[in-house]
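Everything below concerns the one structure shown next.
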Amino acid sequence: MQELSVRHLLGIKDITAEDIQLIFETADNFKDVLNRPIKKVPSLRDITIANVFFENSTRTRLSFELAEKRLSADVINFSSSGSSVKKGETLLDTVNNILAMKVDMIVMRHSSPGAPHFLSRHIDANIVNAGDGTHEHPTQALLDSFSIREKLGDVAGKKVVIIGDILHSRVALSNIFALQKLGAEVMVCGPVTLLPKYIKELGVKVELDVRKALEWCDVANVLRIQLERQQMKYFPSLREYTLYYGIDKKMLDSLDKQIVLMHPGPINRGVELSSDAADSHHSIILNQVENGVAIRMAVLYLLASKQ
């Protein structure tokens, strides 16, 4: 059996194009499983996985939990809001207490960039990064690229624009790394205040006009404005942002080609996307959600074989 080149999934930056293809091929098989009447396989029957979330999450957490249960793993859910973290317990102490319960794998979301990398140097369990601050969100990027491959046949040679709050987005960074490793051309588009200063060093195109970006691309991945991570005002108002960067169905229909519309969720309807755009035939947003479970099953299954 082919193996991943890594023991942990900490970020797309750390894995190879071959790793990504292996995850995709494994996810193809699990997608078949998810479409069967009995959606469970015994692949991780002897594995215990802890979902350790120090930051709020709905879709990612549910998607991982469902993936783990579909693989027959034993699952522990930990949320910092009702835990001893509130009493001042450190990250390492929290995780070591969980590991003392004989946990094999940890899926972790944390508000500090690098938190999963720090843990991987101190504990034996496999770690999956479910988002660390504004750094990376590898499984989201994998399911996004997998969804493009499913819709368009291949990622290589496709033109993908990421639109919105690039500065505060871990999804944007992981997506840039994944798309480039798979041979896509990448552009970012948003207000200057929401583009990182280093962005051109990543080898991406930069466009400030959303209309021009849509005319260039095959796929538009639209991000929400991350108000909860913004320490200051980066634009005058949400209304003004929508005026210049909001996308509606009328705009999509006026393009001289069919493009694919994506969003990692949650969507702020009426801000970055109108409801008629989000629910239009251009959109593969619900396919992304479905593919998230298959991709996360693939990642967990492949990492478990590195035990």
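Bear in mind that the values in this text are calculations on the coordinates, not laboratory data. Since the structure is predicted, the reported quantities are computational estimates derived from the model, not experimental observations. Cβ coordinates were reconstructed from backbone atoms using ideal geometry, including for glycine residues, and neighbour counts include every protein chain displayed.
What is the spin-label model distance, in nm, from Ser5 to Ile38 if the labels are put 7 Å beyond Cα along the C-beta direction?
For Ser5 paired with Ile38, the spin-label model returns 3.9 nm.
Which FRET efficiency value, to the nearest 0.05, is calculated for Gln21 and Thr193 with the Förster distance at 25 angstrom and r the Cβ-Cβ distance?
Result of the calculation: an efficiency of 0.10.
Report, in listed order, any pair from Lys181/Lys257; Lys151/Lys250; Lys151/Lys181; Lys181/Lys212; Lys102/Lys306; Lys212/Lys250 with a Cα-Cα distance greater than 20 Å. Kindly include the intermediate steps, with their values, before the conclusion.
Numbers: Lys181/Lys257 26 Å; Lys151/Lys250 22 Å; Lys151/Lys181 18 Å; Lys181/Lys212 25 Å; Lys102/Lys306 17 Å; Lys212/Lys250 15 Å.
Beyond 20 Å between Cα atoms: Lys181/Lys257; Lys151/Lys250; Lys181/Lys212.
Using a/c under 1.5 as the rounded threshold, could you call the stretch 179-275 rounded, prolate or oblate? The axes a ≥ b ≥ c are square roots of the C-alpha gyration tensor eigenvalues, and prolate needs a/b larger than b/c, oblate otherwise.
Oblate shape, in that a/c is at least 1.5 and b/c is the bigger or equal ratio.
Run the simple label-point estimate for His122 and Ser275 please: 7 Å along Cα→C-beta, distance reported in nm.
4.7 nm
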